[in-house]
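K.L.:
Below is one structure. I have some questions about it.
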Amino acid sequence: MAYVPPHRSRGDYVPRDTGNSSSRGGFSGRGGFSSRGGFNRGSGGGNRAFGGSGFGRGNDSHRGGRGGHGSRFQPGLGSWTDGEHKPAEHNERLELELYGKPGDAQFQSSGINFDNYDEIPVEASGEDVPEPISEFTSPPLDPLLVENIKLARFNKPTPVQKYSVPIVANGRDLMACAQTGSGKTGGFLFPVLSESYKHGPVQNSQAENTFDRRKAHPTALVLAPTRELVSQIYEEARKFAYRSWVRPVVVYGGSEVYAQMEQLKQGCDLLVATPGRLNDLLERGKISLKNIKYLVLDEADRMLDMGFEIQIRNIIQGCDMPPPAERQTLMFSATFPKEIQMMAKDFLHNYIFLSVGRVGSTSENITQRILYVEDDEKKSSLLDILTATEETMSNGLTLIFVETKKMADILSDFLINQDFPATSIHGDRSQYERERALESFRSGRTPILVATAVAARGLDIPNVTHVINYDLPNDIDDYVHRIGRTGRAGNTGVATAFVNRGNKNVVKDLIEILSEANQEVPDFLTVIARENSMGRGRGRGGRNQTRDFRKYGGGGSSGGYGNGYGGRSNYGGGYNNSYGSGGGYNNYGSSAASASSSSSQWW
DNA sequence: AAAAAAG
């Protein structure tokens, strides 16, 4: 466990009467993320009793009593023996830990099913797109997985899941433009686990030499950009891998590497990792990727922004991972800029392209309020808002986004001094502090969280009723992600944003988003947009693309995409045809087209 | 310009 010297431990707000911020001596609590049950935990009732079902019989058993590797009994871990899947017996204690019980935050947060999922437009393209499924049934899913899905109370597949299951079952690759909240995690975990349960570990998984034998040989690898996200994915993986032969392990930076190495030694079939730590462990010779059958890249465009590309390419192309044709690759990305198209070309093999509409912005259960606030008035405006909403949203959580780590510190200190129960999360805090802040927020102990982009995407925190964009992001897709932290699970939410002339680069996109979601567009926004478009035409060519460029042109390697507005105006049509007015999506083409024509009127 | 990620 990462030791945090007291002087580095910044002051989180602690309610006066309890003051038990870390009674468990460390990570997480219930419903939190990270190593609960993962590395670093020692036991939790784990390593006693040898009477487990179907474990270690026969000499053809995966992890079956061969020297060293994970021969220890672990509750809830099945085996692959004599070419058959032998699920472990049920374990009540573990089920309680994994799936929670009524009343737990965890219980209500899992298994959410938005009714409006059915209205999300989806478009699949590519050769021979398999027919989507409509329910979680066996077949096509493996029966054990269906059982686990029921335990986790997922009743109905989301659009991503409907497609990803048959796509992977048919041996195909997937490039999905989908955002958090679209059921992405299940979208890759379900098919990957289901197929793994059917087919078992990779044959020949045994290494030729002793050096190789000491390494972990995962069958599936999931890469994601932030530590919190991989932790969250790992926790989901534990739910759906329950009783199966698949043992999930998570590795990420900022916490003790030796504990993670120990976990790898115990057996690792599904590895969830951030790129930095994975490269570290590859260099140390602790992991071999040559048995990888399934590779998942989550939030791929996020990883671009963060300068991950070299690391990713080293993992995928610079080590011993099988080439695209010999594995199945699933890539998820909110947007589809040229760099991602290149990655898709390099990493995927004859893939199906799936585009899933926005969940956040089109849903009208988020009320978006845009306020004109100059930078030096932001603090006092924030206080006004927090005070005003204190009573009305007394049970909810408020998430405040800022642009810089420094501002996150300043603002949370300021709020704490003003007696607001706040804490902060950003990349300069220690991993322990990050996890504790998030847990404290989740649990409602500090219902105000000031965050940088580290929390913008991917994190699923139930009960966020208010998102405040103290600083507006430069990328409108980030804005959509941020406000998508609220209004989840059919609840209503409020998203407030402070805007001034420093944000003029996004106002045009912001107006589009607001109109798509049937929200009021304040006059000052239109004014700023107009000032902006007079200066220098349209910015960087409008919003990011989420289209299958193989189908809609672009073609060549250089220049790929940008055939101007003419081409883009076709986009809306494609969506309309298959899905009627699913809401919002068909604005894509038309609004881009009208933007270019109306800008000339403004002159 | 800043964010994230290996230490």
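K.L.:
So with the 1.4 Å probe, I'd like the accessible area per residue for the stretch A:395-453, rounded to whole Å².
P.N.:
Per-residue value: 32 Å².
K.L.:
What does a probe at A:N474 reach in the stretch A:332-351, counting residues whose amide N is under 20 Å from the point 7 Å along Cα→Cβ?
P.N.:
Zone members listed by number: A:334-340.
K.L.:
Give the calculated FRET efficiency between A:E262 and A:T404 to the nearest 0.05, with a Förster radius of 35 Å applied to their Cβ-Cβ distance.
P.N.:
With a Förster radius of 35 Å, E is 0.40.
K.L.:
Between A:Q328 and residues 5 or more places away or on another chain, which pairs have amide H atoms under 5 Å apart, with H built 1.01 Å from N, and which residues are they?
P.N.:
Long-range HN contacts for A:Q328: A:Y294, A:L295.
K.L.:
Okay, next question. For a quick check: with amide H placed at 1.01 Å from N, whose amide H comes under 5 Å from A:I468's, ignoring anything fewer than 5 positions away on the same chain?
P.N.:
Amide H neighbours of A:I468, under 5 Å, 5+ apart: A:L399, A:I400, A:F401, A:T496.
K.L.:
From the cross-link list A:K156/A:K338; A:K239/A:K345; A:K379/A:K504; A:K101/A:K156, which pairs have alpha carbons spaced over 22 Å apart?
P.N.:
A:K156/A:K338; A:K239/A:K345
K.L.:
What lysines sit close enough to A:K378 to cross-link, taking a C-alpha to C-alpha distance under 16 Å and skipping anything fewer than 8 places away on the same chain?
P.N.:
A:K406
K.L.:
Mind running the shape call on the stretch A:160-279? Use the C-alpha gyration tensor, a ≥ b ≥ c as the square roots of the eigenvalues: rounded below 1.5 for a/c, prolate if a/b tops b/c, oblate otherwise.
P.N.:
Oblate, because a/c is 1.5 or more while a/b does not exceed b/c.
K.L.:
Could you give the nm distance between label points at A:H349 and A:E127, where each point is 7 Å from its Cα heading toward the beta carbon?
P.N.:
Here the answer is 1.3 nm between the modelled labels.
K.L.:
Give the peptides A:239-245, A:442-448, A:197-203 in descending order of average Cβ contacts within 10 Å, highest first.
P.N.:
For the peptides A:239-245, A:442-448, A:197-203, the packing ranking is A:239-245, A:442-448, A:197-203.
K.L.:
Counting heavy atoms of the protein chains only and a 1.4 Å probe, report the per residue accessible area for the stretch A:478-533 as a whole number of Å².
P.N.:
Roughly 35 Å² per residue, with all protein chains present.
K.L.:
A further question on this structure: Which aspartates and glutamates have a Cα lying under 14 Å from the Cα of A:K265, excluding residues fewer than 8 positions away in the same chain?
P.N.:
Straight-line reach from A:K265, under 14 Å: A:D212.
K.L.:
Rounded to the nearest whole Å², what accessible area per residue is found for the stretch A:150-199 with the 1.4 Å probe?
P.N.:
Per-residue value: 24 Å².
The values are calculated or read from the model by the stated rules, or taken from the named source; none is laboratory data. Note that the structure is a prediction, hence the values are computed from the model and not measured. All Cβ positions, glycine included, derive from the backbone under ideal geometry; neighbour counts span all protein chains shown. Side chains included, ligands, DNA and RNA excluded: accessible areas come from the protein's heavy atoms. Shrake-Rupley method; radii C 1.70, N 1.55, O 1.52, S 1.80 Å.
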